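Read through the structure below, which is laid out as structure tokens, and then see the notes.
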Amino acid sequence: MALILALETATKLCSVAVGRDGVCIATRDLLSEKLSHAERVNLFIAEVMQEGDLALSDIDAVAVGIGPGSYTGLRIGLSAAKGLCYALDRPIIGIPTLATLVQAARNTHGPFTAEPWPMIDARRMEVFTQAFTSTGGPIGAVSPLVLDTSFTGVEVTRLVFGDGADKASELWSGATNVDHLPGVVPSARHMLPLAEERFRSARFDDLAYLIPDYGKEANVTQPRKHGAG
């Protein structure tokens, strides 16, 4: 009967949930273009704990979305999760955001009838994605992908969802072998069953060495030196 606090901040959605035995007790979700995760995540933690009449010392573990996704969002979520685990001496469980998306799609739309491809927006027509089995198991590795007709020009039917898929609705409308589920988001409440399974098998992450999966290297430019020609 593990009590798990879950944080998901990899996308424009700032989401916090607390659940027992994989069942959600309380949740807070805010989808915003302003990416106000830094201002909201700790407030949401306090609110879900209060709603559940719980104290932070009651939790058995903290689960956190590890991406891929927003560099800033991922750092905020992981920092909050690590701080709690360090202060409370609790284990941390890193959950891939694409896996949470798959769980969200199954919970809201039922069993998959085609090959699921969760997609996270990576700007322009690029997404972070990965194929999954019909039972929710990942296939291959996460990779950035530019969405074009090469993705739709295959014989197998693909099921796409997530904010990366939502932005390409015009591409899907002309494809006979792609089914699009709009509006699927990686709410932390869908992370809870995944985290519960990890907790039961004691598959925890190293608190010091758990890092986000950003999906690709950050595009960092060095400041120009004064006097450089």
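Quick rundown of the values:
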read-out: Gly65 at negative phi and in contact with a His (Cβ under 8 Å, 6 or more places away or on another chain); value: no
read-out: Hey, Arg106 surrounded by fewer than 22 Cβ atoms within 10 Å (Cβ to Cβ), under 14 Å from the mean Cα position of the chain (by Cα) and either of a type outside the set (Val, Ile, Thr) or in the same structural domain as Cys24 (by TED's automatic domain parsing) (or both) or not; value: no
read-out: Matching residues in the stretch 199-229 - criterion: being under 30 Å from Glu126 (Cα atoms) and either under 21 Å from the mean Cα position of the chain (by Cα) or at pLDDT 95 or above (or both); value: Asp205, Tyr209, Leu210, Ile211, Pro212, Asp213, Tyr214, Gly215, Lys216, Glu217, Ala218
read-out: Meets criteria (out of contact with any helix residue (DSSP H, G or I) (no Cβ under 6 Å at 6 or more places or on another chain) and closer than 28 Å to Ser143 by Cβ) for Leu5; value: no
read-out: Glu196 vs. criteria among the charged types (D, E, K, R), at pLDDT 95 or above and assigned by TED's automatic domain parsing to the domain that holds Gly52; value: yes
read-out: Filtered residues of the stretch 168-178 (kept if of a type outside the set (S, T, N, Q) and surrounded by fewer than 18 Cβ atoms within 10 Å (Cβ to Cβ)); value: Glu170, Gly174
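The values are calculated or read from the model by the stated rules, or taken from the named source; none is laboratory data. Just so it is clear, the structure is predicted and the values come from calculations on it, not from any experiment. Note that each Cβ is placed from the backbone with ideal geometry, even for glycine, and that neighbours are counted across all protein chains shown.
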